[in-house]
1. Output the 0 to 90 degree angle, nearest 10, between the alpha-carbon long axis of helix 18-30 and the longest principal axis computed from the alpha carbons of the chain.
2. With each run of n ≥ 4 DSSP H residues scored as -39500 (n - 2.57), what mean residue ellipticity at 222 nm is computed for the chain after dividing by its residue count and rounding to the nearest 500 deg cm²/dmol?
3. What do you get for the angle between helix 36-54 and the principal long axis of the chain? Use alpha-carbon atoms, 0 to 90 degrees, nearest ten.
4. Can you tell me the orientation of helix 74-98 relative to the chain, as the angle in degrees between its alpha-carbon axis and the longest Cα principal axis, to the nearest 10?
5. Positive end of the charge dipole of segment 9-144 (Lys, Arg +1 and Asp, Glu -1 on Cβ, about the Cα centre): tell me which of Val142, Leu120, Leu38 has its Cα farthest that way.
6. Classify segment 32-112 as rounded, prolate or oblate from the Cα gyration tensor: take a ≥ b ≥ c as the square roots of its eigenvalues, call it rounded if a/c is under 1.5, otherwise prolate when a/b beats b/c and oblate if not.
7. Magnitude of the Cβ-charge dipole of segment 1-114, K/R +1 and D/E -1, about the Cα centre, nearest 20 debye?
8. Could you point to the label whose value was computed as Cα extents along the principal axes in Å for the structure here, given (1) 88, 45, 32; (2) 69, 42, 21; (3) 96, 35, 30?
Amino acid sequence: MKRTMKFSWKGLVLAPLLIPLVYSALFEISGPGRSPILSFLFFFTLGSVVSYGTTIFLFLPCLFLVSRFTQLTGRLTCLIGTVLGALVYLPASWQSYLTSGDNSGPPQGSFGDYLRQHLLEWDFFAFIVAGLVTAMLFWFLVNRPSRRNDHPWA
């Protein structure tokens, strides 16, 4: 039996957009500035670059690789998205660690210590939720039946 991964352009285009849209709106609502539309667009663009980059260069290749060994299910796809969301957190936390020193100096302690101190903060959960929601949305967009299949006469 040859296992393959389902793919759709609609899933690729729409799935990575939801999280940047929601997070940008939340950032703007929590601290409105002088130009709310401009700051929303800035955060949305920045979030979209990260979201699309992660989806195209990390999530889809991992799904393809896993699909070679086992059949992809909704649960497995969501698990992969969640794990990859946690992995994407590591470069962001590394950058934060490098800038955590006193007066812009070198950081105090190791990166492992830094992770233990900051692992249960909101940004870690934001990355996990982003990975989960993007994977779930991609799965539903790719696996939903097309309208032509719903009506036999269409």
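1. 40
2. -21500 deg cm²/dmol
3. On a 0 to 90 degree scale, this one is about 70.
4. Result, in degrees: 20.
5. Result: Val142, furthest along the dipole toward the positive end.
6. The shape class here is oblate.
7. Computed charge dipole of segment 1-114: roughly 780 debye.
8. For Cα extents along the principal axes in Å, the calculated option is (2).
The numbers here are math on the coordinates, done by the rules we state, and not lab data. This structure is a prediction, so every number in the text was calculated from the model and none was measured. Note: ideal-geometry Cβ built from the backbone for every residue, glycine included; neighbour counts use all protein chains shown.
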